[in-house]
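Remarks on the structure that follows.
The values are calculated or read from the model by the stated rules, or taken from the named source; none is laboratory data. In this text, all values refer to a predicted model and were calculated from it rather than measured experimentally. So basically every Cβ, Gly included, is an ideal-geometry build from the backbone, and we count neighbours across all protein chains shown. Please note that ligands, DNA and RNA were not included when accessible areas were found on the heavy atoms of the full protein model with its side chains. Shrake-Rupley method; radii C 1.70, N 1.55, O 1.52, S 1.80 Å.
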Amino acid sequence: MIDLIQAVGSGMLVGLVYSLLGLCIVLIYKASEAFNFAIGEFMVVGSFLFYILFFDLHLPFIIALPLGLAAAAGAGAIIQRLAIKPLIGRSPISMTIVTLGLAFFIRACLQLIFGSHSYSFFLELPDISIDTGELLFLSDPIWAGILALSAFGVVMFFLFRTRWGLAVRATSENQAKAMAFGINARMILLIVWAASSACIAIAGIMISNFGALSTMSSIVGLRAIPVVLIGGMDSIGGALIGGIIVGVCESMVGTYLEPLGLIGFKEVAPYILLLIVLLIRPYGLFGTVRIERV
Amino acid sequence: MLSVENLRVVYHDVISVLNGISLSVRQGEVLIIIGANGAGKTTLLRSVAGMIDFYDGDIIEGDIKVGDSSIKGLGPTDIMRRCGLTYVMEDRPVFWYLTIEENLGAAAFSRWDREVRKDMEKVLTYFPPLKSLRHKKAGYASGGEQQMLAIAMALMTKPRILLLDEPSLGLAPLVTEEVFGIIKRLNQSGISVVLVEQNAHAALEIGTRGYVMELGRIVLEGKAEELASNKDVREFYLGSGEKSRRSYRDARRYKRRKRWL
């Protein structure tokens, strides 16, 4: 029983970070109907920008984090301007393929600049680990969960309580209609990509904090795929639930199945779960209920 | 106040849709543009509203002017802000997954004044059916309600010129009448209207002037009453010619003749 609570609890904390990754994919998918396959690379870019500010320039965490996120947002905006904007109005498939290309391009650039060795990444956040004797939740995952959840909350507030968020939701539904009513759709897409890459950076920083940062950390970004497909590609709530499901699934498999000799099964389990979910609900658990008029 | 001069528009670099079209909209009038499918009516409105780029079209010749300044090449947001020109696309351009109130709010995005809230109430009094639905998703509203919402959204942008693309599309005759009544009232409150319609009968009733478009050109121009009583228009758009057309070949001859006008 203690094992179970431990596994579910730590799974949920990691899952919240996956939710944030999923949210970034969903934001971009809703706005431009393209799947951002470069999410892992965006994550590493954000983490390295923060790394430079925090570890190289020794800025205090409270200044380095917002600056790092702003830098990541800027990087996202530049990438959108150069690679995505020329494709607005074209088929979303071409945009998706461009993000695949971007993934390779950014990874190669990062390797040229930073090399392929690991950088030690330790934030030294205040210790808030919970230790009851039987249960142990480490400080890092708890911080990760808190930060991911608050980032999620900020994005939700932005989307559902501000006029810019309303414009983003309108543009997400239909770019042409939004343009006709005076919403600058190109500007909105720029904002969405910037916001999304800032959120990816938060997730990246938290994930790097679990271990080390290297150009190969981008593989973690692929976790976003089962998250959004389980939750539903166009559902923000689905991203939250999907992330938690993937996190819990991973840690349960790690606790119960891996000791049986299935080493590394943890990495595969979310995809098996994904297959099962897609067989039952092809739109994902929370995919939008299409408005059908009779 | 709005004039289009010898406009030529090409889609995807090869498909020529507007072949040198010129027209003018006067202050405070309801201008009707009628024409068959594929005549280029929607393309004309898209070009004027600055949205032709989005559909991969190019203005290769001619100019669009509001007053004395050219608006060719400006984006839709700029055109709306500078000239008070709002384009209501065809097929009820409302955001299905937003509530009616959010729809109105989204349409007011280009405005920065503090009166948005007040205007929303004012606009809703124009359209009583929308008032009771204000917290419902627009996708669940009926066709007539959606068309009213689309016009209400256009009003939220405080237009001086309103471009309406087939507001009667898919609406029952009674609802069409209601929508046209609203358009007439808006016009009386000082908004110039350009109305593109297939429903020539109803449109010519509320219009002051009209153009007939065919194959990307203007083939006829005149006062609404004149057009409504024009023999050719009666035969081909109002479906009440003196003698019924014998075969499709005659229609084509009509077209060939008109092209030289």
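Kirkwood radius and radius of gyration were both taken over the C-alpha atoms of segment A:101-143, and their ratio Rg/Rh is 1.29. With respect to the cross-link table entries A:K177/B:K72; B:K72/B:K184; B:K65/B:K122; B:K184/B:K223; A:K30/A:K177, which display a Cα-Cα separation exceeding 22 Å? The answer is B:K72/B:K184; B:K65/B:K122. Annotation: amide H-H contacts under 5 Å for B:E29 (H modelled 1.01 Å from N, sequence separation of 5 or more, or interchain): B:V193.
The HN-Hα couplings worked out from phi for segment A:214-223 by the Karplus form 6.51 cos²θ - 1.76 cosθ + 1.60 (θ = phi - 60°) are 8, 5, 7, 4, 4, 4, 4, x, 5, 4 Hz, whole numbers, x standing for Gly and Pro. Long-range amide H contacts for A:F121: which residues qualify at under 5 Å (H placed 1.01 Å from N, peptide plane, sequence gap of 5 or more or a different chain)? Under 5 Å from the amide H of A:F121: A:L213. For peptide B:133-139, what's the mean number of Cβ atoms from other chains within 10 Å of each residue's Cβ? That average works out to 1. Of all beta bridges that DSSP places with both ends in the protein assembly as shown, some 60 percent have antiparallel geometry. Given a 1.4 Å probe and the protein chains as shown, A:H58 ends up with an accessible area of around 140 Å². For segment B:7-18, the Karplus equation 6.51 cos²θ - 1.76 cosθ + 1.60, evaluated at θ = phi - 60°, returns couplings of 7, 10, 10, 10, 8, 6, 6, 10, 8, 7, 10, 10 Hz by residue, with Gly and Pro reported as x. With a 10 Å cut-off around each Cβ of A:167-174, the average count of Cβ atoms from other chains is 5. At an R0 of 45 angstrom, the distance between the Cβ atoms of A:I130 and A:L279 translates into a FRET efficiency of 0.75. Modelled this way, with points 7 Å down the Cα-to-C-beta line, the labels at A:K85 and B:N6 are 3.4 nm from one another. Contact order for chain A, expressed relative to its length and based on alpha carbon pairs under 8 Å spaced 6+ residues apart, stands at 36 percent. The listed residues B:R82, B:R46, once ranked by accessible area (1.4 Å probe) with the largest placed first, stand as B:R82, B:R46. In order along segment B:152-160, the phi-based Karplus estimate (6.51 cos²θ - 1.76 cosθ + 1.60, θ = phi - 60°) of 3J(HN,Hα) comes to 4, 4, 4, 5, 4, 8, 6, x, 9 Hz; Gly and Pro are listed as x. Every helix of 4 or more DSSP H residues in chain A counts as -39500 (n - 2.57), and over all residues that averages to -22000 deg cm²/dmol at 222 nm. What shape does chain A have by the C-alpha gyration tensor, where a ≥ b ≥ c are the square roots of the eigenvalues, rounded means a/c under 1.5, and otherwise prolate means a/b greater than b/c and oblate the rest? Since a/c reaches 1.5 but b/c is at least a/b, the shape of chain A is classed as oblate. Per residue, the average separation of C-alpha pairs within less than 8 Å and at least 6 apart gives chain B a relative contact order of 25 percent.
For B:R217, the residues 5 or more places off, or on other chains, whose built amide H falls under 5 Å of its own are B:N19.
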